1. Can you spot the aspartates and glutamates whose alpha carbon is less than 13 Å from Lys66's alpha carbon? Ignore those fewer than 8 places along the same chain.
2. Each label point is 7 Å from the Cα along the Cα-to-Cβ direction; what then is the distance between the points at Ala116 and Asp265, in nm?
3. Which helices, counted as full DSSP H runs in the chain, have an axial Cα extent of no less than 27 Å and a Kyte-Doolittle average of -0.5 or above?
4. Okay, which of the stretch 1-17 sit inside 13 Å, backbone N to the point 7 Å along the Cα-Cβ direction of Lys34?
5. Once label points are set 7 Å from the Cα along Cα→Cβ at both Arg310 and Ala41, what is their separation, rounded to one decimal in nm?
6. Classify the stretch 3-55 from the C-alpha gyration tensor, please: rounded if a/c falls under 1.5, else prolate or oblate depending on whether a/b exceeds b/c.
7. Add +1 for every Lys or Arg and -1 for every Asp or Glu among the other residues with Cβ under 14 Å from the Cβ of Pro45, and state the total.
8. Determine, for Trp125, Trp58, Trp87, the number of other Cβ atoms within 10 Å of each Cβ, and report the residues in order from fewest to most.
Amino acid sequence: MQPAQLLAMLAAGEPISGTSLADQGGVTRAAIWKQIEALRARGVPIEARAAAGYRLPWPLQMLDAKQIRTALPAVLLRRLGALEVHWELDSTSSELQRRGAVAKDLSILLAETQTAGRGRRGRTWLSPPGLNLYMSCLKRFESGFAALSGLSLAIGVIVLRALESLGIAGAGLKWPNDLLAIEDGRPGGKLGGILVELSGEYQGPCAAIIGIGLNLRLTPALQAQAGQPACDLAMLAGGTPPDRNRVAAALIAGLIEGLSQFERDGFAGFVADYARYDLLRDQPLQLSGALGMFGGIGAGVDGRGALQVRLADGSLCPIDSGDVTVRRA
Ligand code: BTN
């Protein structure tokens, strides 16, 4: 039996005995036990009760390309390239990169789990099966890299607009494009991340592979592994996150619309919304990067997407890359 099949059998959140799982899967109870252990080792919190059997602490929806398509308006479906849902990939972004020139514009790959999920700055992205969303989108541009400044910030705006369309508020952006929960009006735990990778020509045809990781359910063990404060959509939505296929469809709809807006207007079309979601504005910041370590106050972003930092002498310093942390008062 494949792990995807076992997770699908547990997805309702109802207890099922090992015998019943083995019968349904046509395998031995020992084989079921081995797969349960393998899913647990990857972060799925499968509980075992002596009398009742195995169960998940809550129901989950397995990703399903047909359900995602059904949730998309016809006008957007026509513009979508490929839409694939995989059980496991090393990384949805690496797989799209391997497809290279053969992948159609606006192709989307989703995976239930990634074995080598990649974050920014060479970090790994924890990708346990069935709990969160891991998605990559290929977008081709004719304009060259030069016109793409601010693209990764615009993607942050697109993701937050999509969450708002699902009725989820309480999230914002930490420059350049971390999705964070808002706690007491300040930047809180990390809800998701965005990795944009460009290839092609500086002034000609080029492509962006846009990777989005969004936490829907984090267990305490996964939060501990995250290495930084983390949050999930379940917490923002009062305990139960929206259906995973609905979240995927909202992100895809947002990407199709938002990327054509970006193609038309560039980052200028996103500046106002970025300001609305900006969690660093007026915050005391610590910056480290090419200019060394220094402090300042967040003062928004400029038209190219550079972070504006107000220094002690009152001047504004634009930051194009680097690590930012909010200093605790
Ligand atoms: C970050 O470090 O904040 C960016 C995380 C991006 C993770 C996503 S998950 C889908 C896609 N595939 C990857 O390997 N990474 C991105």
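Every number in this text was worked out from the coordinates using simple rules, so none of it is lab data. All values derive from a computational prediction rather than experimental measurement. Cβ atoms come from the backbone with ideal geometry, glycine included; neighbour counts cover every protein chain shown.
1. Qualifying aspartates and glutamates at Cα under 13 Å: Glu84.
2. A separation of 3.9 nm, rounded to one decimal place.
3. Qualifying helices, which must be both long enough and hydrophobic enough, are 244-265.
4. 1-3
5. 5.4
6. rounded
7. So the surrounding residues net to +2.
8. The order, fewest Cβ neighbours first, is Trp58, Trp87, Trp125.
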